[in-house]
Amino acid sequence: MDTYTVQLLWLKCVQSQENDGDEIYIKFNGRKVWSTWAQKMHSHPTGIHFDEINFESGRLHQQAGWTPMKKFDASAYRFSGLSGDSMFEVWDANRFLPDDFLGRTPVRAADAEHGHIQAVCARDGAHYVLTYQVLLEH
């Protein structure tokens, strides 16, 4: 069985679920690997909102342009030594209700060398695009 590495590349908010922005987090194989912390994602960012994140360069796209992420470590978004099926999930955190599941995408070694792969996560009025790539390990 082939082993592979997954590199998380981008997350873009096309439409936020909530008017004041979404508190998005991403899970990989059931483990939370990223969250918005104090900032929210919104399709039309204002103030501290952002609509896109680049996990390769550690930058957020805000109303004023691209700004560096706090506490950025590129290796945190690279997952190596994988075999079999893996899974990305996108969620919106809620304070008093259960979190909203926005979508998932399976990841397989067979996806390797196909370049950037985009997965649409669109439920409950939200629309996000998650971009990643799969590389075979040699």
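The values are calculated or read from the model by the stated rules, or taken from the named source; none is laboratory data. Just so it is clear, the structure is predicted and the values come from calculations on it, not from any experiment. Backbone-built Cβ (ideal geometry, glycine too); neighbour counts: all protein chains shown.
Of the strands (runs of 3 or more DSSP E) that lie entirely inside the stretch 55-138, those containing 2 or more residues that are at pLDDT 95 or above and either surrounded by fewer than 16 Cβ atoms within 10 Å (Cβ to Cβ) or on the phi > 0 side of the Ramachandran plot (or both) span 78-82, 100-107, 117-121. For the stretch 112-138, the candidate set comprises residues that are in contact with a Phe, Trp or Tyr (Cβ under 8 Å, 6 or more places away or on another chain) and charged (D, E, K, R); within that set, the residue that is farthest from Asn19 (Cα to Cα) is Glu137.
Residue count for the stretch 28-47, restricted to those that are out of contact with any Gly (no Cβ under 6 Å at 6 or more places or on another chain), in a loop (DSSP other than H, G, I, E, B) and surrounded by 14 or more Cβ atoms within 10 Å (Cβ to Cβ): 5.
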